[in-house]
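Before any comments, here is the structure.
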Amino acid sequence: MNKRRVGAVFTMPIKVLLREKNELRLRFIGEDHTSLQIFRQRLNSTRGVEYANYFPGHPLLEDPEFYIRTTGQTNPEKLLRKLCLNLQTEFTKLSV
């Protein structure tokens, strides 16, 4: 994995491939099915999301891409940021 620890928070490097009014395509550097499946499932359950999915590509050659398409005035970047904050809150509450 290519995660960096900043304080008690891990960061995920992301490259923006496409940013339009209702579409966002990202490359998640060093991520795998586990984290991307969480994003996909949560976003597809969110009002205003028409479609969200990820494409793993070849595991030795490419990092996975994630695609979000929203409806109406729903901003995909804002939805993703909100989801990240919600997930951070959920995982912070976990105890091991």
When you scan segment 76-85, do you find a residue that is surrounded by 12 or more Cβ atoms within 10 Å (Cβ to Cβ) and either in contact with a Cys (Cβ under 9 Å, 6 or more places away or on another chain) or of a type in the set (Ser, Thr, Tyr) (or both), even just one?
no
Of the criteria (1) modelled with pLDDT under 95; (2) in contact with a Lys or Arg (Cβ under 6 Å, 6 or more places away or on another chain), which one Leu87 fails
(2)
What pairs come up if the first residue lies in segment 16-28 and is without any contact (Cβ under 8 Å) to a residue 40 or more places away in the chain, the second is of a type in the set (Asp, Glu), and their beta carbons are under 6 Å apart, counting only those six or more places apart or on different chains?
Arg27/Asp63; Arg27/Glu65
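The values are calculated or read from the model by the stated rules, or taken from the named source; none is laboratory data. Keep in mind that this is a model prediction, so the values were computed, not measured. For neighbour counting, all protein chains shown are included, and Cβ atoms are generated from backbone atoms with ideal geometry for every residue, glycine included.
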